[in-house]
Structures are given as C-alpha cells and as structure tokens.
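To start, the structure itself, in structure tokens.
Derivation of every value follows stated rules applied to the coordinates shown; laboratory data play no part. What you see is a predicted model; the values in this text were computed from it and never measured. So basically every Cβ, Gly included, is an ideal-geometry build from the backbone, and we count neighbours across all protein chains shown.
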Amino acid sequence: MIVVLAIDALEYKKVLEYNCENLKQHYFGKTDISEFSQPRTMVLWSSFMTGENKEKEVLGEGNKEMWSKKWNLDETFFKNFKNPVVLDLPGYSYELDVHEKSRKLLKEFFETEDKDKKLQTKQEYNKDAFDHHKKIKEQFFKALEEDHDFVLGYFSVADVIGHLNFGDNLVMKMIYKDLDEIAGQVKEKADKIIVLSDHGMEAVGVFGDHSTYGFWSTNFKDLGNPKITDFFDVLGNL
C-alpha cells in the first residue's frame with residue numbers, strides 16, 4: 001500500500017522545532033512552489049494531482065467558485081491505482097460545506113471589532129476545525145484497514161488552526177504532535193509513505209499566513225528540492 005499524508009500548511013521549521021521524527025521519516029526537505037504567484041491551497045493541490053501548473057485555470061474560476069472545482073479521476077495520477085481512496089482533498093473529494101464554514105468564520109473574525117464576538121467566533125472556528133480533524137482521522141485509519149493500494153488523507157488542521165493561532169506555541173505543538181503520531185501509525189500499515197504539504201506557514205503577529213515553500217518526506221527516496229507537480233510522476237510510477 002502507498003500512503004500520502006497531505007497536510008495543509010505543514011511548516012518545515014515547526015517539524016524541526018518540535019522534533020517530529022515520524023513526519024520527517026528517512027528523507028525530508030522543502031518543495032519548490034516558486035512558480036506560483038499565489039501559493040493558494042486549491043491551486044497547489046490541483047497542480048499536485050494533475051502534474052501541471054493549474055494556477056491560471058483555478059484562479060480564473062473566482063475566489064468563491066474555485067472551491068467547487070473538481071478534477072476527474074482520469075486527469076489525476078490516481079488513475080494509475082486499482083483501488084485508490086482520496087479523503088477530503090481540495091479539487092477532488094473536498095468536503096465543501098465544512099471548509100466553507102471555516103472560511104466564513106475566519107472572515108467574520110477579522111471583520112468584527114467587538115472583542116466578545118471575536119472570542120466567540122474564534123472558539124467556534126477552532127472547535128469546528130478540531131471536530132473535522134477527528135472525523136478525517138477516523139476515515140483515514142478505516143481506509144488503511146481496507147483493501148486499497150493507495151490511500152491519501154488530507155488534513156487541514158495545521159492550516160485552519162494556524163491562521164488564528166500560529167503564535168500560540170502550546171496549540172501548534174499539540175497539533176504537530178498529533179500529526180506526528182498519525183504518521184507513526186501509518187508506518188505500521190504502508191510500504192511507501194509520502195508526507196506532503198502544499199505550503200508552509202509563517203508568523204504574522206499572533207496569526208499565520210502561507211509561506212513560499214512546502215514540506216515533503218518519504219521513507220524510500222531522497223527527492224531533493226521537488227516541485228509539487230513532480231509528485232504526479234513520483235507517485236504515478238511507484
């Protein structure tokens with residue numbers, strides 16, 4: 001079985017800071033996303049699965065409509081597998097309602113000046129993110145027990161929580177520890193594993209925003225400084 005842990009906004013520096021050995025695996029480094037003028041989630045994961053820079057096409061859909069964009073199986077490297085399962089990946093199997101609510105709450109947080117309203121919105125935002133993370137974890141571990149030759153689980157918690165809480169070291173350390181534990185459990189189930197982020201995250205005061213590189217690791221090969229589109233061939237030829 002081949003497994004991809006697709007972790008939105010997994011930050012290279014945080015993986016080192018928190019000593020996440022399972023996320024680092026045997027080989028790890030940064031991905032090159034410098035070809036993208038706007039390193040946005042939907043753009044990067046679309047480019048990952050299709051092997052082509054999809055920035056122009058995705059952004060052309062508009063800020064709201066782009067999130068409904070879905071690529072067909074035969075447009076992705078998933079077609080190379082007999083029985084793949086792809087959980088919650090933007091541009092393919094995204095749970096649109098859940099993520100739309102997160103973006104709505106994030107917008108409300110920054111638009112309101114009322115401190116009590118801000119706190120209430122942040123609490124709801126964080127709770128929804130952790131609840132969704134728990135749900136995806138359960139689906140992911142269930143899939144690992146089934147008869148699949150390829151499993152991809154997309155975990156958005158580091159990105160969603162990071163946008164409002166990146167300056168909270170206790171919260172971020174808890175998230176990275178949990179993701180590291182997930183990667184550790186995958187080692188018992190999979191032959192080949194790739195951990196991949198679309199981009200990292202950098203501090204903007206107490207908040208977080210996308211950085212200009214991603215993270216990768218494998219248990220089987222040193223990939224150097226790959227572009228995110230390179231994984232179309234890396235995974236398609238395993």
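When peptides 206-214, 42-50, 133-141, 114-122 are ranked by their average number of other Cβ atoms within 10 Å per residue, the highest-first order is 42-50, 206-214, 133-141, 114-122. Here the Karplus relation 6.51 cos²θ - 1.76 cosθ + 1.60, evaluated at θ = phi - 60°, turns the backbone of the range 205-220 into coupling constants of x, 8, 9, x, 9, 5, 9, 9, 8, x, 10, 9, 7, 9, 9, 9 Hz, with x for every Gly and Pro. Each label point was placed 7 Å from the Cα along the Cα-to-Cβ direction; for Ser68 and Asn83 their separation is 3.4 nm.
For Lys30, the lysines whose Cα falls under 22 Å of its own Cα, not counting residues fewer than eight places away in the same chain, are Lys13, Lys14, Lys54, Lys173, Lys177, Lys187, Lys192, Lys221, Lys227. Cross-link check: pairs Lys64/Lys135; Lys56/Lys127; Lys82/Lys135 evaluated at a Cα-Cα cut-off of 31 Å; pairs beyond the cut-off: Lys56/Lys127.
Based on DSSP H segments of at least four residues, each scored -39500 (n - 2.57), the chain has a per-residue ellipticity at 222 nm of -13500 deg cm²/dmol.
3J(HN,Hα) along the range 14-21: 6, 4, 6, 4, 8, 6, 8, 5 Hz, from the Karplus curve 6.51 cos²θ - 1.76 cosθ + 1.60 with θ = phi - 60°, whole Hz, x for Gly and Pro.
Simple point charges give the picture: +1 on the Cβ of Lys and Arg, -1 on the Cβ of Asp and Glu, and for the range 2-236 a dipole about the Cα centre of about 220 debye.
For the range 1-106, a simple Cβ point-charge model (Lys and Arg +1, Asp and Glu -1, everything else neutral) yields a dipole of about 120 debye relative to the Cα centre. DSSP finds beta bridges in the chain, and of those with both partners inside it, around 45 percent are antiparallel. Ranking Gly224, Gly62, Met174 by how far each Cα lies toward the positive end of the dipole of the chain (charges on Cβ) leaves Met174 at the top. The shape of the range 143-236 comes out oblate: with a ≥ b ≥ c from the C-alpha gyration tensor, a/c is at least 1.5 while a/b does not beat b/c.
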